[in-house]
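Down below is the structure, laid out as structure tokens.
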Amino acid sequence: MDSLPPGSDPIDGQKPSEDCAVVGFKGRINAYEPIITALRTLQHRGQESAGMAVFDGRKTVLKKGRGLVTDVFNPATDSIKGKVGVGHTRYSTAGSKDVIDAGPFVINSQVGFISLSHNGEIVNADELKEEMKKEGVNFQSDSDTEVLLAELSRNISKYGLKKGFEVSMNTLRGAYACAVGINDRLFAMRDPNGIRPLIVGKNADGYIIASESCAIDALDGTIIRNVEPGEVVELTDDGLKTIALHEGEKTAHCMFEYVYFSRPDSTIDGINVYMARVKMGMMLAKESPVEADMVIPVPDSGRSQAIGFSMQSGIPYTEGLMKNRYSERTFIMPTQSDRKAAIRLKLNPVREVISGKRIVLVDDSIVRGNTMRFIVSMMRKYGAKEVHVRIGSPHIIAPCYFGVDMKTKDQFIARGKTDAEINSEIGADSLAFLSIDGLKEAIGLDENNLCLGCLTGTYPIDISKKLAEKITQY
Ligand code: SF4
């Protein structure tokens, strides 16, 4: 068992982490409260830091800090006032974990205060940074978001708003779903491949930008539409206005948004995440059936796929692993060098449910495999007769360069191994993964519309050898 990184959840900490949530608000009330509500709704997309930048009529006021949204903001003492703002929660995949690298970023430019919240990763950030440094631009952080903001600022200052956005979409390569404030104006910008989600909506108080639709629901809003890949929209008092459109790229929505990252109650690019996960479970049951007494999910990540597996197979769905919801994810015990202890604190099997039964244990994905190995042995200890592991997504074998912390080859238990070899590490009676075709069918999109990079090693954007060497030993 390897040691647990500080602050990691023993279950979710074994999953790949999303890098950020972005939100934006422009309306007739203070932006502070709707931004807090939206960020809290999207807290699952990043728990390292939170921040917001609000234009107060004269200048943009920035507040950010380490921790959850409720750690950083306190409505009783904060005095952030203004009707336009952007917000951010972060899990670092590029740059350091320091507050200086946290979002949003703000710059006082020739066209006014530009604030930026960004979800994704810019793959040519180093090259652009070197270029701008030669022009005399100073950078304060290691974050690719600061490079993105500097690029936007120099292009908008040089070419004006429309052409500035267009030129930036030509020079920036990678994943970027952004909320952008320019003084009292608010924009949403999405990269030409549409890798990360971005949606706009409105409620009685104003317009909302969010990474996921559940944040618009939480504000009692209605969805207007997704921001299209390669599109910049302005949210004005008269509705949405497309400012720039970069056409012609292959759409490549991240398949992992559907498998794990996004909340099941969100609808991403027209596809409900819960329904997609249930279909993944159904496809998995069709592809890899097994005789068993019950289907048990690894909570909470495997729940929707397990429901689908149960529906398709007719094997009853049961909760046989209980998750301790009150073990704080950031609490580090002095002796917590042992992952087993951390998982035992978090998960407990129900002996009376499991004992003497043939079990299908379903999770959404496997990256390293440590947690699954331990859960299987725990199920056996509690008397399971057979444990058949079924994974609701295909084998993860390659790094992600677009904002997910799957970087090094030793992270991937499935890389270069047969299912039998992986299973001998996990110790189950059988193991099966959903096929890539099954995944595409469950989501309802094909390889022309999905990024499958971490499953195939083929990416929608060329990754330079230099970057590949820098990021990973892949
Ligand atoms: S490489 Fe994988 S995790 Fe990264 S964007 Fe593509 S599908 Fe998503």
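The values are calculated or read from the model by the stated rules, or taken from the named source; none is laboratory data. Remember, predicted model here, so these are calculated numbers, not experimental data. No Cβ is skipped: glycine too gets one built from the backbone with ideal geometry, and neighbour counts run over all protein chains shown.
Given Gly65, Gly85, Gly51, which one is of a type outside the set (Asp, Glu), surrounded by fewer than 23 Cβ atoms within 10 Å (Cβ to Cβ) and either part of a strand (DSSP E or B) or under 21 Å from the mean Cα position of the chain (by Cα) (or both)?
Exactly one of Gly65, Gly85, Gly51 is of a type outside the set (Asp, Glu), surrounded by fewer than 23 Cβ atoms within 10 Å (Cβ to Cβ) and either part of a strand (DSSP E or B) or under 21 Å from the mean Cα position of the chain (by Cα) (or both), namely Gly65.
Please work out which residue is farthest from the ligand (Cβ to nearest atom), limiting yourself to segment 417-457 and to residues that are charged (D, E, K, R) and assigned to a loop (DSSP other than H, G, I, E, B).
Asp429
Give me the residue from segment 151-199 that is under 10 Å from Val232 (Cα atoms) and assigned to a helix (DSSP H, G or I) and, out of that set, nearest to the chain's Cα centre (by Cα).
Ranking the candidates gives Met169 first.
Whether any residue in segment 186-196 is farther than 21 Å from Arg90 by Cα and surrounded by fewer than 24 Cβ atoms within 10 Å (Cβ to Cβ) is what I want to check.
no
Return the residue satisfying two criteria in turn: it lies in segment 371-416 and is closer than 24 Å to Cys254 by Cβ and in a helix (DSSP H, G or I), and of such residues it is nearest to the ligand (Cβ to nearest atom).
Out of the qualifying residues, it is Gln411.
Could you list, in sequence order, all residues of segment 294-306 that are at pLDDT 95 or above and either crowded, with 24+ Cβ neighbours inside 10 Å or in contact with a helix residue (DSSP H, G or I) (Cβ under 7 Å, 6 or more places away or on another chain) (or both)?
Once the filter is applied, which keeps residues that are at pLDDT 95 or above and either crowded, with 24+ Cβ neighbours inside 10 Å or in contact with a helix residue (DSSP H, G or I) (Cβ under 7 Å, 6 or more places away or on another chain) (or both), segment 294-306 yields Val295, Ile296, Pro297, Val298, Gly302, Ser304, Gln305, Ala306.
Does any residue in segment 355-366 that is assigned by TED's automatic domain parsing to the domain that holds Asp429 and in a loop (DSSP other than H, G, I, E, B) come within less than 6 Å, Cβ to Cβ, of a residue that is at pLDDT 95 or above and of a type in the set (Val, Ile, Thr) six or more places away or on a different chain, and which pairs are these?
Note: pairs meeting the criteria are Asp364/Val259; Ser365/Val259; Ile366/Ile391.
Within segment 268-276, can one find any residue that is at pLDDT 95 or above, part of a strand (DSSP E or B) and under 14 Å from the mean Cα position of the chain (by Cα)?
yes
I'm checking my understanding of the structure. Among residues of segment 200-212 that are over 11 Å from Lys26 (Cα atoms) and in contact (Cβ under 8 Å) with a residue 60 or more places away in the chain, which one is surrounded by the fewest Cβ atoms within 10 Å (Cβ to Cβ)?
Glu212
Within segment 278-293, identify whether any single residue is within 16 Å of the ligand (Cβ to nearest atom), crowded, with 23+ Cβ neighbours inside 10 Å, in contact (Cβ under 8 Å) with a residue 12 or more places away in the chain and in a helix (DSSP H, G or I), and answer yes or no.
yes
Tell me, yes or no, whether segment 113-132 has at least one residue that is closer than 27 Å to Ala31 by Cα, out of contact with any strand residue (DSSP E or B) (no Cβ under 6 Å at 6 or more places or on another chain) and assigned by TED's automatic domain parsing to the domain that holds Lys83.
No: segment 113-132 contains no residue that is closer than 27 Å to Ala31 by Cα, out of contact with any strand residue (DSSP E or B) (no Cβ under 6 Å at 6 or more places or on another chain) and assigned by TED's automatic domain parsing to the domain that holds Lys83.
Test Lys134 against the stated conditions and say whether it is of a type in the set (Lys, Arg) and either over 28 Å from the mean Cα position of the chain (by Cα) or under 25 Å from Leu452 (Cβ atoms) (or both).
In short, yes.
Hey, Val180 hits all of (1) hydrophobic (A, V, I, L, M, F, W, C); (2) under 21 Å from Arg263 (Cα atoms); (3) touching a helix residue (DSSP H, G or I) at 6+ places or on another chain (Cβ under 8 Å) but one; which does it fall short on?
(2)
In segment 268-277, how many residues are closer than 17 Å to Arg190 by Cα and more than 15 Å from the ligand (Cβ to nearest atom)?
1
Going residue by residue through segment 37-48, is there one that turns out to be assigned to a loop (DSSP other than H, G, I, E, B) and modelled with pLDDT of 95 or more?
yes
Among the residues of segment 240-263, write down those that are away from the ligand (no atom under 16 Å from the Cβ) and out of contact with any strand residue (DSSP E or B) (no Cβ under 8 Å at 6 or more places or on another chain).
Glu247, Gly248, Arg263
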